[in-house]
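Below is one structure, written out as structure tokens; the observations come after it.
The values are calculated or read from the model by the stated rules, or taken from the named source; none is laboratory data. These numbers were taken from a predicted model, which means no experiment stands behind them. Positions of Cβ are backbone-derived with ideal geometry, glycine not excepted, and every protein chain shown enters the neighbour counts.
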């Protein structure tokens, strides 16, 4: 049986939290460190054999080790890079074998074991898979990146739009080769890297909300969701 790994990304700087939290992955939320919530979901799922955690510096590594102590799976750490993609590649390069790798943002704490199962059941049949949800809002595209004032906006067809989440799961050799080929291209998620290398990916809507901690305004919603898990 192949070994399957959860690669938890925690090396990001979290600049959009505007000093609200010193480290969003190790901050306490609903009684536990943020990253521990999703780590426990992977453990409870029974579909991964090990955890690999990226870290920013030695001080953060120590905090992450404290936050994740006592989990019933082998765990390793690897120093991340300056970008998300560099951190993912650093993790992929230390893994071996032919198993699956679940790439997950450590600041997305509402992951449930049921979602891990859905991803596994798709990916084990040979198709990479990612959690994502359909876009419900009307989406406008501005003609440039500046603050849109008095501009003609373009409507996008929301029936075809998906908001990407994590985990995103791939056979290890496939996604590692795709990242090596991508070089320094600044992709914002792993599906984009796989697609650029010509690999299709299945999208799976999770049965439960799975938001990410990005801004201070996200904290009350995440705390409520975690406190009301059943």
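Residues that are surrounded by 11 or more Cβ atoms within 10 Å (Cβ to Cβ) and free of Cβ contacts under 8 Å to residues at least 12 places away in the same chain within the stretch 143-153 comprise 148, 151, listed in sequence order. Within the stretch 47-62, which residues are in contact (Cβ under 8 Å) with a residue 24 or more places away in the chain and more than 14 Å from residue 80 (Cβ to Cβ)? Those that are in contact (Cβ under 8 Å) with a residue 24 or more places away in the chain and more than 14 Å from residue 80 (Cβ to Cβ): 47, 48, 49, 50, 51.
So in the stretch 218-227, with the set limited to residues that are under 27 Å from residue 191 (Cα atoms) and free of Cβ contacts under 8 Å to residues at least 60 places away in the same chain, which one is surrounded by the most Cβ atoms within 10 Å (Cβ to Cβ)? Of everything passing the filter in the stretch 218-227, 218 is surrounded by the most Cβ atoms within 10 Å (Cβ to Cβ). Residues that are exposed (fewer than 13 other Cβ atoms within 10 Å of the Cβ) and more than 13 Å from the chain's Cα centre (by Cα) within the stretch 181-204 comprise 181, 183, 184, 185, 186, 198, 200, listed in sequence order.
Yes/no per residue for (1) surrounded by 15 or more Cβ atoms within 10 Å (Cβ to Cβ); (2) at pLDDT 95 or above; (3) assigned to a helix (DSSP H, G or I):
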position	(1), (2), (3)
164	yes, yes, no
178	yes, yes, yes
206	yes, yes, no
213	yes, yes, no
229	no, no, no
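Against the definition (under 26 Å from residue 227 (Cα atoms), without any contact (Cβ under 8 Å) to a residue 60 or more places away in the chain and touching a helix residue (DSSP H, G or I) at 6+ places or on another chain (Cβ under 7 Å)), how does residue 67 come out, yes or no? Outline the logic, then answer.
Values: under 26 Å from residue 227 (Cα atoms): yes; without any contact (Cβ under 8 Å) to a residue 60 or more places away in the chain: yes; touching a helix residue (DSSP H, G or I) at 6+ places or on another chain (Cβ under 7 Å): yes.
Judged against the criteria, residue 67 is a match.
With respect to the stated conditions, residue 98 is in contact (Cβ under 8 Å) with a residue 24 or more places away in the chain, loosely packed, with under 14 Cβ neighbours inside 10 Å and in contact with a strand residue (DSSP E or B) (Cβ under 8 Å, 6 or more places away or on another chain).
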